[in-house]
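First the structure, in the form of structure tokens, and then the observations on it.
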Amino acid sequence: MKRVFIAGDAYSTRFFELPLEDEELYLMPYLLAASYHVARFALIMRDDGLANIGIREGNALLIADYSLEPVRGRPVLVRQEGEYIVRIAEDVNPLECVFTAAKKGVAPLVLPSENIRIIGVVSGIISPPYETGRIGNAGDTLF
């Protein structure tokens, strides 16, 4: 099994802060994923904006740095001006990008491509209950 560190909470209906640059991931709690998984870190989904595609509140989203397949139609982690959001990449082109949520009533985001960066792709989902742990000073699992 592979340790995938939980970087924080994720939302699809609003932007959120994520300390990816400020903190070391290995200091954060982790969950266990299959050893072959390419996830760099995980986020815990805290809203139901993507429930219609099977991503529910409380799910752990495994975030990979890259995708061998196109990201169009897939959930991605987007950064704009230091804040993040998880949305479905509907249209990605050099001028502007369209990101949607699966929940009715949540307006699509149309963002200039020069102002955003797709940080990662949701490459897997782990539903609760999932086992978590934390590395202690001596490398022991604390919980």
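Bear in mind that the values in this text are calculations on the coordinates, not laboratory data. Just so it is clear, the model here is predicted, and its values are computed rather than measured. With ideal geometry, Cβ positions are generated from the backbone for all residues, glycine too; neighbour counts draw on all protein chains shown.
Here is how the numbers come out for the structure above:
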item: Per-residue HN-Hα couplings for the range 50-56 [Karplus 6.51, -1.76, 1.60; θ = phi - 60°; Hz; x = Gly/Pro]; result: 10, 4, 5, 10, x, 9, 9
item: For the range 59-143, the spread of Cα positions along each principal axis, largest first, Å; result: 49, 27, 25
item: Gain in span if fully extended, Ser113 to Ser35, counting 0.36 nm per residue against the direct Cα distance; result: 24.7 nm
item: Largest to smallest principal axis extent of the C-alpha atoms in the range 2-133, angstrom; result: 41, 29, 27
item: Least to most buried among Leu32, Leu43 (fewest other Cβ within 10 Å first); result: Leu32, Leu43
item: Antiparallel bridge percentage (DSSP; both residues within the chain; nearest 5); result: 90
item: Under 5 Å, built H, 5+ apart or other chain: amide partners of Arg134; result: Tyr30, Leu142, Phe143
item: Cut-off 12 Å between beta-carbons: net charge of the residues surrounding Arg3, Lys and Arg +1, Asp and Glu -1; result: +2
item: Virtual spin-label span in nm between Glu96 and Arg134, 7 Å along Cα→Cβ; result: 4.5
item: Sequence-distant residues sharing a close amide H with Gly8 (under 5 Å, placed H); result: Ile44
